[in-house]
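In what follows, a single structure is set out as structure tokens and then discussed.
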Ligand code: GAR
């Protein structure tokens, strides 16, 4: 018997390229999740156009229309509940969520962040990675917990930082990897192959990478 696809709500604030990656992934017949609602807190963003083009229901819930975070989040929750959403994906959603909202979606709320967490939480990750001189940056999909950009890690991709990198160049190479790991992580959560055990994610039915990476390449390589 095939499992029913998990119902997903995607929260965005902007161009929605990660949303697009999820839309593209769900066109595979065996993808285990389906987006049933895209919500933006900012009107007229390109991500909403992407959703509409894909025939997905959208909603704009402007945070500015609400006196405080809890009332904004109550509106988000009302929409998500009305749509029977089971998993929420934050995809470039640039609002901090309260502990109450995060706890109510515990284990069912995931986020993508453009760094190898726990390094470079917060904003301007690529500028900071270059300034620190790290040899690898990357991206992370993780379960959301009340502390910002923390929470059990599901999938990461490491991207070498190059001497000639600018924040924009590094961002675009990291973004390519974001588009690969977000659909992968959502599939792992939707099929319940990503389980939180003692605060870390245990994955079933995956093949782990087992090749050390060195940057720059060792002499003679
Ligand atoms: C992505 O790089 C995502 O990782 C980042 O915003 C961008 C959204 O792009 N998210 C954060 O920084 C969250 N802390 P997109 O709208 O094209 O998906």
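The values are calculated or read from the model by the stated rules, or taken from the named source; none is laboratory data. These numbers were taken from a predicted model, which means no experiment stands behind them. All Cβ positions, even for glycine, are placed from backbone atoms using ideal geometry, and neighbour counts span all protein chains on display.
Within the stretch 53-65, is even one residue on the phi > 0 side of the Ramachandran plot, without any contact (Cβ under 8 Å) to a residue 12 or more places away in the chain and surrounded by fewer than 19 Cβ atoms within 10 Å (Cβ to Cβ)? Yes, the conditions are met somewhere in the stretch 53-65. In the set 55, 9, 47, 14, only one residue is over 20 Å from residue 144 (Cβ atoms) and either away from the ligand (no atom under 16 Å from the Cβ) or modelled with pLDDT of 95 or more (or both); that residue is 55. Note on the stretch 165-183: residues that are more than 17 Å from residue 127 (Cβ to Cβ) and surrounded by fewer than 17 Cβ atoms within 10 Å (Cβ to Cβ) amount to 2. If you go through the stretch 167-188 one residue at a time, do you hit one that is away from the ligand (no atom under 12 Å from the Cβ), outside any helix (DSSP H, G or I), on the phi < 0 side of the Ramachandran plot and modelled with pLDDT of 95 or more? Within the stretch 167-188, none of the residues are away from the ligand (no atom under 12 Å from the Cβ), outside any helix (DSSP H, G or I), on the phi < 0 side of the Ramachandran plot and modelled with pLDDT of 95 or more.
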